[in-house]
Every structure is written in C-alpha cells, then in structure tokens.
1. What does the charge count near ALA169 come to, summing +1 for each Lys or Arg and -1 for each Asp or Glu among other residues with Cβ under 10 Å from its Cβ?
2. Using a Gaussian network model of the chain with C-alpha springs under 10 Å, which one of PRO270, PRO170, PRO286 is most mobile by mean-square fluctuation?
3. Loop-only trypsin sites (Lys or Arg not before Pro) in the range 159-255, please: DSSP not H, G, I, E or B, and at most 15 other Cβ atoms within 10 Å.
4. Just need the relative contact order of the chain here, percent rounded to a whole number, with Cα pairs under 8 Å and 6+ apart.
5. Where in the range 291-315 does the amide nitrogen come within less than 18 Å of the point 7 Å from the Cα of GLU378, taken along Cα to Cβ?
6. Can you give the net charge of the other residues whose Cβ lies under 15 Å from the Cβ of ILE265, counting K and R as +1 and D and E as -1?
7. So for the range 285-378, what percent of the C-alpha to C-alpha distances run longer than 20 Å?
8. Taking other Cβ within 10 Å of each residue's Cβ, how do THR211, THR216, THR176, THR145 sort, fewest first?
Amino acid sequence: MHDRFAKAIAERKALGRYRELRAIEPGPPGFVRRDGRDLLDLSSNDYLGLARHPLLAERAADHARRLGTGARASRLVSGTLETHRAIEARLAQFKGMGRALLFASGWQANAALFPALLKLEPDAAIFGDWLIHASIHHGISAARTRHHGYRHNDLDHLEQLLNEHGAKAPARIIVTESVFSMDGDRADLAELVALARKHDALLVVDEAHATGVLGTGGGGLTADLDHKPDIVMGTFSKALGGFGAYIAASGEICDYLINASSGFIYTTAPPPPVLGAMDAALDLVPGMDGERAHVLAMANRLREGLCDAGYETGPSDTQIVPVMIGSEADALASSAALEEAGILGVAIRPPTVPEGESRIRFSLSAVHGAAQVDRVIEVMRGLR
Ligand code: PMP
C-alpha cells in the first residue's frame, strides 16, 4: 500500500491536478491576507459577511463559557442540550417545515441522509440532477442503489427517466440543489414538487447556497413554496457565517432519522460555541433584506460588466458568478493573474466541474462595494 501514495501524488502532478492547501488570514471586510498582501476576496461563501460578525462571535463565546467547548456525547447518549432543541425549533420555523435536525456539517448531512432513506426501501430508485454536490453523490453511493442522473435542470429528461425506471421501482427519490454551487443557477422547485407528487416520489432539496440569501427573510427558495419538498437540507457554513448543518422535514421523517441515520447517531453533538453562532445568525438573517438586495445587485453588476467584456457567465442570477474559461490551464492562469492584481478568484476544475468547463467562480458578499466590483471587471477585461 505504501508505495501507492507516492504514485497517486505523482499521477496527479503529471495531470496538473495536484492540489495544495494555502493558508489565508482574515483581512479588512471583503479581503483576505495572503503572503503579506490583502486580496479582494471573491472566493468565499460568506455571502452576508456574517463569519466575522461581532454578535456571532460574542454569542459563540458566551455559549462556550456557560455550556463548555464540547457537547461531551452524541445526541442520543447525553449530548442533547436544550439549546440544540431550541435551535432546531427556530430552524423549523425559519424553513417553514415541521421539524429540523442539526448535523455536524452539510457534507455529513447529505452523506448520512441517503443511506438512512434507503434502509426503508433498498430498491428505491434515485433521480439526481447531474450537478448535485459531491456529498449527495457520496450519500447515494453509500446507499448502494440505482441512481439515474438527469441532465442539469432538464425536467423533461427527469420525467422520461421517472417513466422509464421509476414506475417499476418500489419507491422513488428525486434530489436537487435549489441554487447550484458552481453555476449559481436555480432549480424550478415548484415544477419539481409537482413532478414528485405526480410520480409519488420523495423530493430532497439542498439549500446550501440559497439559505440566508434568497427567499423571504433569507429562508431559501423552498421557504416561499406553497407546497414544500419532503426534505430540505441546508448549512450554517455559508451565508449563516458559522458551521454545522440541518435537515428539515416532517416530524415523522426527523424521528426516523434520529433512529436510523448513522451520521446523526454515531457522532458527537454540535458543540456549544457553534450553537451560539447559529443562534445569533438566526436572530440576524431574517432582518437582512438590505444586505440580500445589495449582494444580488453587486453580482448583477459583476455579471453585466463581465458579459460586456466578452465573458460567458452562464444562467446564474444569484450571488455566485461563474466565468467560463474552458481548459484547466487557462482557468489556473486567470486565477494567478487575478491574484497578481490583488483579487482572490479561484479556479474550479474537474472533478468539481465537468471536463472542459473549468472556470473562475466569483462569489459576492454583502460587504463588497461597487468600486471593488468595477475593479474586478477592469482586471478581467485586461486578461482577455
Ligand atoms: N451541499 C452543497 C451544495 C455545498 O456546496 C456544500 C459545501 N461545499 C455542502 C453541501 C456541504 O456543506 P458543509 O460545508 O456545511 O459541509
């Protein structure tokens, strides 16, 4: 086994796919510091600028002082604090769902959900958008069932697959993101809910990138639907400025997950400081309409400027602005040139996105201003 590590690393290096961790330090709002330089940061998911908000920091510190730094045990053993339950109740209300359950991270929530669902019906068929997140793929693989991927946002293709493969399966599960992480476009959730009902399928929606930014009160795109998906997942690690995640569903589904989801049962409960930051974010986010409008306006400004400069930014109309470059080498070169000019815009490459679709993924935050966006456009114009 030992020699295989070196071989795997060498193979990645030969393909230009070897990645290294590079550290940053927080800089002034909207910037990060790297190698002694402040870089305008268009690379984070801190869409509302909450990750360094004083109320979150104070509440986290207060929870640590009063309740400790660790939850001491898993939820079912003796790790459930009243604070877990209070935050879960607030989350259920925030998302307009019957109940909510906290998970250690969004990755873990998705990885844990599908194996638990498939225990109910091992032959269920899953239908997922081609662009669903790696954590959902992981959950589906761990569930060891048939996965029929449908073309991105192509609901005719989904229906065709439901007719072909869904009808003969004992149960069906459809899964999508509401805002796609690397493309920034939206799923048609009302249509998906209708399709799920028509085909008697369970609908799972990942709201990682919509929560906090879109929907009434920042409740995400599912918050405004008349008919909700069956299961909505989201995370505190992006617009909510913290860490940890949740699954919101009916009381019955949540009760089942408490009893059947390995990723919920066999892990230590989210710790008090993390709960404190969650609590403060839930206080602030519903009232941040101004920040939501601002971040989306900044994203529009960036998109318009980039399109005017001849770039392709795809169908996004959210705070995520992908700039399609094509080859990995060109995307890396663009990212390096941006960094040289004082801007952090990371290259996203396969396997995160399909081959030939490497890009710069710009993500805006409410702390960014028009002059900063215009600077990015100017630099990108110079790279053409
Ligand atoms: N789902 C999606 C769509 C994501 O983009 C991410 C984060 N990259 C996750 C889930 C995982 O969330 P977390 O970072 O909280 O583990």
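Each reported figure results from applying straightforward, stated rules to the coordinates on display, with no laboratory input. Note that the structure is a prediction, hence the values are computed from the model and not measured. Quick reminder, even Gly has a Cβ in these numbers, built from the backbone with ideal geometry, and neighbours come from all protein chains shown.
1. On the way: positive: ARG146, LYS168, ARG172; negative: GLU121, ASP123.
Result for the neighbourhood of ALA169: +1.
2. Top of the fluctuation ranking is PRO170.
3. Numbers: sites: LYS168, ARG172, ARG186, ARG197, LYS198, LYS238; in loops: LYS168, LYS238.
In loop regions of the range 159-255 (DSSP not H, G, I, E or B), the sparsely surrounded trypsin sites (Lys or Arg not before Pro) are LYS168.
4. Working: 764 pairs, mean separation 85.9, N = 384.
Worked out over the chain, it gives 22 percent.
5. In the range 291-315, the label zone of GLU378 (backbone N under 18 Å from the point 7 Å along Cα→Cβ) covers 301-310.
6. Numbers: positive: ARG75, LYS119; negative: ASP255.
Once all neighbours under 15 Å are counted, the net charge is +1.
7. Working: 1554 of 4371 pairs.
Summing the P(r) of the range 285-378 above 20 Å gives 36 percent of all pairs.
8. Values: THR211 33, THR216 11, THR176 26, THR145 20.
Taking fewest neighbouring Cβ atoms as first place, the list is THR216, THR145, THR176, THR211.
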